[in-house]
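To keep things clear, I will list the structure first and then write my remarks on it.
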Amino acid sequence: MLGWWKGGVTECWAGEGQRQGVLPLVESRFEIIARESFSSAANGEIFLEACEAADTSRLLAVRVEVTASDGSHPDGSGRGVYNDGRFFADGKFSVCVPLGKTAIRLSSGPDYVPLEMTLEAKAGERVGVRAQLVRWFAPHQHGWFGGDNHVHAQHDAHALVRTDIDFAALQARADGLSYITEAGPRELTAAELDRLSRPGFLMLHAAELRPACFVGHLNTPGIARPLADRLDALVHRPLPVQAITEAVHELGGVTIHSHPLAPPHQLHWMGATEIFSDAVLGRCADALDTDSPATELLRFAVLSLGNRLAVSSYTDCDLGRSRTLSPGDRRVYCHANQLSAAALVQAMLRGRTFATNGGPLFGFFSVDDHLPGDVIRFATEQAFTARAEIHSRRPLKSMEIYRRGNRVEAFDVKDRQGELILTHPIRERETSWYTLRAEDVDGHWAVTSPIYFEPRNPQPRPAASVLLLEISNISRYASLRREFFAHLVATVSPGQQLTEIQLVNDGAALQHFTPVNGNQLASGEIPVTGRNGNYAPGWIWYPEPGASNHFQADYPVTGSGWYTLCATTAGGKRLESDAVYFDAANLNSQELSVVNMVGADTRFQLWGFGEETPLAALQPPTQAGEWWYPRKAFGKIQARFANEPHELSGGNQTMSRLFRVVP
């Protein structure tokens, strides 16, 4: 007995001058290979082995969802199922199921055509099934290796799913990844990494770094040894990501900002807050994880200030939690000549990457034989040809080329699938960057790192600035306190100098900061980004008072009113943030955040609000513990590249009344 799904063909088409053809879409299939008696009058049993259709002797690790006739999700792994019913198997599994129709879905990553089948479970019968999955595309054969740099085999002490590093590696292989970086705190031994690695799959380890609030979490794949013993020293300074990145490079690794806007309304916790200042200073980490339209806008803004920043993506999955992503549900593809830690790191450092949210969609971008990460230098205005190649198993929704954050080409690809090769003419005469983005009808997306253009005699880097202001009642490690502080960060580009900072309340300066007053470090901690204890009044000019283009300060706030952060430069330029309204009579914990980042033709603005625990409920010593995800929240992002505006918002929109733009 053999079950087949109807095959067919799809058009392979291209722009003028490109080849055209057809790409066969052969569907995965299954066959019943045995029916045996089974000692149960109330249940049936299904035994299944999954193999490669082109070589049935090769078993495949698979992601499985079994839905029984009663709606339950039986477990064939012995480790427990996730909330969506999925479990993972290394080539074969068996499940005991209630009588009636049983639906099974198998997949082995986006390279293979998934298989869905329905079997009739009969009392006392064991059914043997062989599933043959068809590989429709093989990115590694094109030199692209997919990975996830942020996987936790077990993040929590009490896991609902029984997991370990072996199960993490199995999930990665079942989701079609070439490698993962396990990011837990326990250093994996060389023997463990060797045991879990195999031909076509590489296991790496680099502990996730959580330097401090108002900095952001970092992943550092490829490092030769842990950074934990050096982290305190690296963080005891403003802008610690810059020092960490230098140390990571010395250890042979790459630095990636993870979950950069998580959650999007907060500055103090996990998000990549330091990247705003680093972007203005031109000293960013190597890559930025992209996971949403908001993080795409952030990446575009950082690039448009003149930085080179590779795209990456991640899951931050905790495989012990029943509600979690699986490795590779978001992923990065690296272009390398071999699957090795050193080759992957070099690819990420060079920007030879594209990122997806795990779907069957692959995007390759080039300009005159230059790949993502390359810098094309030219003497005068010059013509180029951009080439966009997409491989998509599902019909496409869009396929676009962006220049400096703005869309310059939208190809007509609606409902097309298979292999598409299209071209777009470019004429460039100034410093710029281009990237490709594609999305299918199911919401799967792929976005590439940029290709950069730079005249041989470039103009000086345009001036830029960023102001960050948050008012909140947190400690240095996000525990709640009753006292509210304003946290101030001001950064201007190299060549400029800050001469005065003001915290303004209802139009009047509440506090002046000038270099003549030097630095004040409360209890020896760095203001804003220090790691330990509670906040106290303090400030620091960086690199030193009187010659500073960066400033950080903490200052207590007790009165209601509209607050802004103002900065003055040596040239007499005055910068002012958007205003936030702090209500001292509010009986709840709250945070209000604004970001104003400005460059020559780039603006990025963030408003964020969170509210939750009543102040009266806070009790020492922990005072209600960590405060990471407020329940009542609002966030808004506005970005402008040249004259094209973009806006995203979410949460409780009535809270926008607490913010206003300062002309």
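The values are calculated or read from the model by the stated rules, or taken from the named source; none is laboratory data. Being a predicted model, the structure only gives us computed values, none of them experimental. Cβ sites come from the backbone with ideal geometry, for glycine too, and all protein chains shown count toward neighbours.
Only a single item in (1) in contact with a Gly (Cβ under 7 Å, 6 or more places away or on another chain); (2) more than 23 Å from Pro221 (Cα to Cα); (3) touching a residue at least 40 places away in the same chain (Cβ under 8 Å) is not met by Phe87, and it is number (3).
Scanning segment 64-90 for residues that are small (Gly, Ala, Ser) and either surrounded by 16 or more Cβ atoms within 10 Å (Cβ to Cβ) or part of a strand (DSSP E or B) (or both) yields a total of 5.
Could you please let me know if Gly533 is among the small types (Gly, Ala, Ser) and touching a Ser or Thr at 6+ places or on another chain (Cβ under 9 Å)? When the stated conditions are applied, Gly533 passes them. Looking only at residues in segment 162-184 that are at pLDDT 95 or above and among the polar types (S, T, N, Q), which one is farthest from Val151 (Cα to Cα)? Among those that are at pLDDT 95 or above and among the polar types (S, T, N, Q), it is Ser178.
Of everything in segment 388-399, what is surrounded by fewer than 21 Cβ atoms within 10 Å (Cβ to Cβ) and out of contact with any Phe, Trp or Tyr (no Cβ under 7 Å at 6 or more places or on another chain)? Give them in sequence order. Across segment 388-399, the qualifying residues are Arg394, Pro395, Lys397, Ser398. For Ala617, the test of being of a type outside the set (S, T, N, Q), within 26 Å of the chain's Cα centre (by Cα) and modelled with pLDDT under 95 is failed. The residues listed here are Ala157, Ala131, Ala61, Ala138; of these, the one that is at pLDDT 95 or above, loosely packed, with under 15 Cβ neighbours inside 10 Å, of a type outside the set (Asp, Glu) and out of contact with any Pro (no Cβ under 8 Å at 6 or more places or on another chain) is Ala138. Of Glu45, Glu49, all but one fail to be at pLDDT 95 or above and either surrounded by 17 or more Cβ atoms within 10 Å (Cβ to Cβ) or in the same structural domain as Ala169 (by TED's automatic domain parsing) (or both); the exception is Glu49.
Residues of segment 250-268 that are of a type outside the set (A, V, I, L, M, F, W, C) and either in the same structural domain as Ile474 (by TED's automatic domain parsing) or touching a residue at least 40 places away in the same chain (Cβ under 8 Å) (or both): Gly252, Gly253, His257, Ser258, His259, Pro260, Pro263, Pro264, His265, Gln266, His268. His487: closer than 26 Å to Pro537 by Cα, at pLDDT 95 or above and in contact with a Ser or Thr (Cβ under 9 Å, 6 or more places away or on another chain), yes or no? So His487 fits the description; yes.
Reported count of residues in segment 280-303, each being surrounded by fewer than 24 Cβ atoms within 10 Å (Cβ to Cβ), under 14 Å from the mean Cα position of the chain (by Cα) and of a type in the set (Gly, Ala, Ser), is 2.
When each of Ser107, Ser94 is tested for being touching a helix residue (DSSP H, G or I) at 6+ places or on another chain (Cβ under 9 Å) and of a type outside the set (Val, Ile, Thr), the lone residue that passes is Ser107. For segment 304-329, a tally of residues being surrounded by fewer than 24 Cβ atoms within 10 Å (Cβ to Cβ) and either under 24 Å from Pro199 (Cβ atoms) or under 12 Å from the mean Cα position of the chain (by Cα) (or both) returns 3.
Picking from residues in segment 141-154 that are among the small types (Gly, Ala, Ser) and modelled with pLDDT of 95 or more, the one that is farthest from Met348 (Cα to Cα) is Gly143.
In segment 641-663, of all residues being over 26 Å from the mean Cα position of the chain (by Cα) and among the aliphatic types (A, V, I, L, M), the one that is surrounded by the fewest Cβ atoms within 10 Å (Cβ to Cβ) corresponds to Val661.
Take Asp70 and tell me if it is touching a helix residue (DSSP H, G or I) at 6+ places or on another chain (Cβ under 7 Å) and either of a type in the set (Ser, Thr, Tyr) or touching a residue at least 24 places away in the same chain (Cβ under 8 Å) (or both). In short, no. Per the conditions (1) at pLDDT below 95; (2) within 30 Å of His512 (Cβ to Cβ); (3) of a type outside the set (Phe, Trp, Tyr); (4) surrounded by 17 or more Cβ atoms within 10 Å (Cβ to Cβ), the sole criterion not satisfied by Gly571 is (4).
All conditions but one from (1) over 19 Å from Val332 (Cβ atoms); (2) modelled with pLDDT of 95 or more; (3) acidic (Asp, Glu) apply to Glu187; the one that does not is (2).
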